[in-house]
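Encoded as structure tokens, the structure appears first; notes follow it.
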2 protein chains.
Amino acid sequence: MDRDEKRKIITEKLAEIVGREHIATSREELLSYSYDGTGQEFLPEAVAFPGSTDEISRIMVLADQEKFPVVVRGAGSGMTGGSLPVKGGLVLAMSRFKRIIEIDQANQIAIVEPGVINGHLRDVLKPMGLFYPPDPASLNFCTLGGNIAECAGGPSAVKYGVTRDYVLGLEVVLADGRVIETGCRTAKGVVGYDLTRLFVGSEGTLGIITRIIMKLLPLPTAAITFLVCCRSMPQATGLVRLILEQLQPRTLEFMDKTAIALVKNRLPFALSAETAAILLIEVDGSPVSVKNQAAQLADFLDRQDVLSYQRADNRTEADLLWQARRAVSPAAFALRPDKISEDVVVPRSKIPELVTFTEELARKHNLPVFTFGHAGDGNIHVNIMLDKKNKDELEQAEEAKKALFREVIRLSGTLSGEHGIGNTKSRFLPLELGSETIKLMRQIKKLFDPHDILNPGKIFPEDQS
Amino acid sequence: MDRDEKRKIITEKLAEIVGREHIATSREELLSYSYDGTGQEFLPEAVAFPGSTDEISRIMVLADQEKFPVVVRGAGSGMTGGSLPVKGGLVLAMSRFKRIIEIDQANQIAIVEPGVINGHLRDVLKPMGLFYPPDPASLNFCTLGGNIAECAGGPSAVKYGVTRDYVLGLEVVLADGRVIETGCRTAKGVVGYDLTRLFVGSEGTLGIITRIIMKLLPLPTAAITFLVCCRSMPQATGLVRLILEQLQPRTLEFMDKTAIALVKNRLPFALSAETAAILLIEVDGSPVSVKNQAAQLADFLDRQDVLSYQRADNRTEADLLWQARRAVSPAAFALRPDKISEDVVVPRSKIPELVTFTEELARKHNLPVFTFGHAGDGNIHVNIMLDKKNKDELEQAEEAKKALFREVIRLSGTLSGEHGIGNTKSRFLPLELGSETIKLMRQIKKLFDPHDILNPGKIFPEDQS
């Protein structure tokens, strides 16, 4: 039986499971499910839109028999290729898994399906005075299932933590079609191994999440934003340290001087001429608490030798300040048509060292490099601008990336804070993890997915698999 | 070769690894390592006091060859038998692993060995303005390694979370002696599978923790305590819900009316006669923040129909209020010589239902039963008083315990919030977890420890292993 014939038979069987109207196989349709936030493109052989856990279970029984790859896809907004069918096979598009099954206000818990958009859940929770904290930049279109697969973070992680801190339990379809439940409905719970957090961040390689129990918090009802112009990057991170010793801001973002140079003439307000680093700080909570936190922060900043600072007491004013950060990426594309954006983390005291290193990288490789990110937790987005059609620039950018990763590890950091490994960083895994650690992870993968059908080609470097 | 001879040879080899002075084999010495907080007793065949990761690695190579059980022990304060050598073998006493290797004030991180006492770390951190939040009742003697093995909680978990929320990375010796590192030095990080949190709560069955990277927080410099006398348990949990919608108290403890009856005449202050439930509430933070939180809480309580409330603005006054809770256990032993204390969790709105159920249990089984615990997260300590020498009472207590667990599951709860499963709850595991989930956990156990030498007889029910 040739490949095409086999594919046809499998597609027939899939259609029996999910219904013919929930299978896509035309080239035009497949193209829509072939890319993600990385700009890579891998065509699947088919896309299925399952409607229930039972259907996914039956699909996995079939995949287990026929040994075809199954790659789960939320919104395709991932930044490391996690949802791409790099080995072909079937894409499971979770767009029909969008029910909010229960919101338990008394216990501050939500039970949702993985296709629910992060921002949609926020909107639904708001009138109830509740809040799901993790806030990736893509929150208006990314799905909660994808957030869990990559353990997404966001600016507010410095105060509220990342996705894994809000996942209490899961329903998961395993590689052979078995369905299990993990975790519990309560914040405390230590009954057997923590399978829940083993699935969080596993990028669709261990199982398919079909239901999520998540912890919620009371909605903060007020926030005040500060934009601080600093004389140097070390001054900025010094302030970050001192602020975190006395306050718990919701966000503590920074921009380096290259990023500032890109936007300084496009802002609706003036920046001090010598600004070498910007901090964007937000405190949140009840109106009384925010007022006090802001007073404390203002008092603190008044006693520091900063160039200047501005304060926004409402959302409209805050949005103006945030333009400084939001304008960076669009402005950068005036320099070069393409961007490599790396999500790395260093202990926050090491940020100045890493930023200096990126300045050296820019000089050495003759490419614009700018950084911004989450100064509060050391999570830095390093952006290398290039023209991918220019082969030399592409090589230089690759060299710069490798040097960056080596430096991050030297500074006791980690290669990914909130984007995962996917296929774009998998070859760098041995830079960070020892061979025995990787071996153990591979054994776990093999235990959960003996035929390597769940999102193959992700996390682990190819050459050893 | 008979058993005694073999034991002698193994003891010799162990002495070569750790030094003769770091091995104990006399009956008197073994007895000291045979019990824990459960009152059970299991004699090990030897106790070793290793001094380095390398020594533990070599011990595990030997254990892997000779197939003897290795049970790690911290302070032996566990409440479910986690540190007991139920199958004999070697106890690894971690008392020499007590170095605080590094405290990184700038990044609010500590690197410690697992034998460090929880309270000792707190004392060391205090003058630095830092703080390790998880606060089990045994914090003055329990070790951080034990806390991680059981994912310990404490009263402050409602605000600060449990042990797993503070463990960033680990060094672990595997069953065959390999040494791996997991996690990272930063709060964010998603590089490969979350092995760190797989080890947290795994009760010494997957590996031996030899080094811990932990997240710290700034030390709250003030706290105010409230004791609230409520008319009923539903009123108390109703207040808990409303308080958690507006404030984040550090503790939200409750006592039921049976517990109150035990202590009401022994307190240094009077309780309202009709008190049917007590809430102990603490808010913490900076002095300004605490003052505001306390004002908000007082204002809220003034508008509720509670019997009365008291407020303690300093530690001395607060200690008086806490006597209400601390006096309960000593007073209970006037009723019966023995206590079965179960650590269960239900969604916090279900607390009144569970407390009513325990009152029925007391009547039905004719034994005193009282409850107190962490109302904020639904983590309830149910205490059944009995005379273990009285066979009928022992049987009744066992029946009551079984009925309690069934009810907890019916209320969407979990069998253990912060004490783990150990050997005392392992036979109840199938009440909470599905057979496929247990099977997967057993497969993970088998992958990490193919010869079942790491803390055998724990977590999993015996009959199926």
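The values are calculated or read from the model by the stated rules, or taken from the named source; none is laboratory data. Being a predicted model, the structure only gives us computed values, none of them experimental. For neighbour counting, all protein chains shown are included, and Cβ atoms are generated from backbone atoms with ideal geometry for every residue, glycine included. Ligands, DNA and RNA are stripped out before the accessible areas are found, and what is left, the full protein with its side chains, is counted by its heavy atoms. Shrake-Rupley method; radii C 1.70, N 1.55, O 1.52, S 1.80 Å.
State, to one decimal in nm and shortest first, how far the label point of A:I100 sits from each corresponding label point in the other identical copies (label point: 7 angstrom along Cα-to-Cβ).
When each copy's label point is compared with this one, the spacings are 4.5 nm.
Other chains near B:242-253: what is the mean number of their Cβ atoms within 10 Å of each residue's Cβ? Intermediate results must be reported in sequence, preceding the final value.
Working: counts 0, 0, 5, 8, 4, 3, 3, 0, 0, 0, 0, 0.
Across the residues of B:242-253, the mean count of other-chain Cβ atoms within 10 Å is 2.
With the radius of gyration and the Kirkwood radius both derived from the Cα set of region B:222-330, what is their ratio Rg to Rh? Present the calculation step by step, with values, prior to reporting the outcome.
Details: Rg = 13.1 Å, Rh = 13.9 Å.
Radius of gyration over Kirkwood radius for region B:222-330 works out to 0.94.
How many nanometers, to one decimal and shortest first, lie between the label point of B:R3 and those of its other copies, if labels sit 7 Å from Cα toward Cβ?
List, nearest first: 6.2 nm.
Can you give the average number of partner chain beta-carbon atoms within 10 Å of each beta-carbon in peptide B:152-162, as a whole number? Write down the numbers at each step before the final one.
Details: counts 1, 4, 0, 0, 0, 2, 2, 0, 0, 5, 4.
Mean shielding by partner chains, rounded to a whole number: 2.
Per the Cauchy relation, a quarter of the hull surface: what is the mean projected area of the convex hull of the alpha carbons in the protein assembly as shown, in nm²? Intermediate values should be presented prior to the final figure.
Working: hull surface 160.6 nm².
Seen from a random direction, the Cα hull of the protein assembly as shown projects 40.1 nm² on average.
For A:E360 and A:D387, FRET efficiency with R0 = 25 Å and r from the beta-carbon atoms, rounded to 0.05? Write down the numbers at each step before the final one.
Values: r = 21 Å, r/R0 = 0.85.
About 0.70, to the nearest 0.05.
Tell me the Rg and the Dmax, in Å, that the Cα atoms of chain B produce.
Just the Cα atoms of chain B yield Rg and Dmax of 23.0, 78 Å.
So what J values fall out for region A:237-243 if you push phi through Karplus, 6.51 cos²θ - 1.76 cosθ + 1.60 with θ = phi - 60°, rounded to Hz, Gly and Pro as x?
Result, rounded to whole Hz: 6, x, 5, 4, 4, 5, 5.
Note the full-extension length gain between B:Q246 and B:E21 as 0.36 nm times their separation in residues minus their Cα-Cα distance, in nm to one decimal. Walk me through the numbers on the way to the answer.
Working: separation 225, 0.36 × 225 = 81.00 nm, distance 5.71 nm.
Computed gain between B:Q246 and B:E21 is 75.3 nm.
For A:N314, go 7 angstrom from Cα along the Cα-to-Cβ vector, then report the distances to that same point in the other copies in nm, smallest first.
4.5
Which GluC sites (Glu not before Pro) does region A:238-285 hold that lie in a coil by DSSP with at most 14 other beta carbons within 10 Å?
Values: sites: A:E245, A:E253, A:E274, A:E282; in loops: A:E274.
Taking region A:238-285 and a limit of 14 other Cβ atoms within 10 Å, the loop GluC sites (Glu not before Pro) found are A:E274.
Specify which residue in the list B:Q323, A:G81, B:V158 is farthest towards the positive end of the charge dipole of the protein assembly as shown, using unit charges on the beta carbon of Lys, Arg (+1) and Asp, Glu (-1), about the Cα centre.
Working it through, the farthest residue towards the positive pole turns out to be B:Q323.
Cross-link candidates for B:K446: which lysines have Cα within less than 28 Å, leaving aside residues fewer than 8 places away along the same chain?
Cross-link targets: A:K67, A:K188, A:K439, A:K445, A:K446, A:K458, B:K6, B:K13, B:K67, B:K87, B:K425, B:K458.
Which cross-chain or sequence-distant (5 or more) residues have an amide H under 5 Å from the amide H of A:L130, H modelled 1.01 Å from N in plane?
A:L219
Once you charge only the Cβ atoms, +1 for Lys and Arg and -1 for Asp and Glu, what is the size of the charge dipole of region B:222-330 about its Cα centre, to the nearest 20 debye? Walk me through the numbers before you get to the answer.
Values: 12 positive and 12 negative charges, 52 e Å.
Around 260 debye, computed over region B:222-330.
Under the 0.36 nm per residue contour assumption, what length would be gained going from the current alpha-carbon distance of B:E462 and B:S232 to full extension?
Working: separation 230, 0.36 × 230 = 82.80 nm, distance 4.17 nm.
That works out to 78.6 nm of additional length.
How about region A:6-75: which trypsin sites (Lys or Arg not before Pro) there are in a DSSP loop, with at most 11 other Cβ atoms within 10 Å of their Cβ? Write out the running numbers ahead of the final one.
On the way: sites: A:K6, A:R7, A:K8, A:K13, A:R20, A:R27, A:R58, A:K67, A:R73; in loops: A:K67.
Answer in residue order: A:K67.
Choose one of B:F254, B:L335, B:L394: the residue whose Cα lies farthest towards the positive end of the charge dipole of chain B (beta-carbon charges +1 Lys, Arg; -1 Asp, Glu; about the Cα centre).
My answer, from the dipole projection, is B:F254.
Which whole number gives the average count of other chain Cβ atoms within 10 Å of the Cβ atoms across peptide A:437-450?
Values: counts 11, 2, 2, 12, 7, 2, 3, 8, 2, 1, 5, 4, 0, 0.
Per residue, the number of nearby Cβ atoms from other chains is 4 on average.
Trypsin sites (Lys or Arg not before Pro), restricted to region B:291-364: which are DSSP loop and have at most 11 other Cβ atoms within 10 Å? Write down the numbers at each step before the final one.
On the way: sites: B:K291, B:R303, B:R311, B:R315, B:R325, B:R326, B:K339, B:R348, B:K350, B:R363, B:K364; in loops: B:R303.
Loop-located and lightly packed - B:R303.
Counting only protein heavy atoms, what percent of the accessible surface of the protein assembly as shown is carbon or sulfur at a 1.4 Å probe?
So the carbon and sulfur contribution to the accessible surface is 49 percent.
Let me spell out the model: positive unit charges on the Cβ of Lys and Arg, negative unit charges on the Cβ of Asp and Glu, origin at the Cα centre of the protein assembly as shown. What dipole size does that give, in debye rounded to 20? Write out the running numbers ahead of the final one.
Values: 112 positive and 120 negative charges, 108 e Å.
Charge dipole, the protein assembly as shown, about its Cα centre: 520 debye, nearest 20.
So for chain B, averaging the separation of alpha carbon pairs under 8 Å that are six or more residues apart and normalising by length, what relative contact order in percent results?
On the way: 946 pairs, mean separation 70.3, N = 465.
In percent, rounded to a whole number, it is 15.
Given R₀ = 41 Å, FRET efficiency for B:S272-B:L217 by Cβ-Cβ distance, to 0.05?
0.65
Given the rotation relating B and A, tell me which residue in B puts its Cβ closest to the axis and the distance in Å.
Axis relating chain B to chain A; nearest Cβ residue and distance: B:R197, 2.
Within region A:251-286, name every residue whose backbone N is under 20 Å away from a label modeled 7 Å from Cα of A:D302 along the Cβ vector.
A:281-283
Hey, for a label at A:D338 modelled as a point 7 Å past Cα toward Cβ, could you say which residues of region A:36-52 have their backbone N under 11 Å away?
Backbone N within reach: A:39-40.
Taking the Cβ-Cβ separation of A:S32 and A:K446 as r and a Förster radius of 25 Å, what is the calculated FRET efficiency to the nearest 0.05? Before the final figure, lay out the partial values.
Values: r = 32 Å, r/R0 = 1.30.
For A:S32 and A:K446, the calculated efficiency is 0.15.
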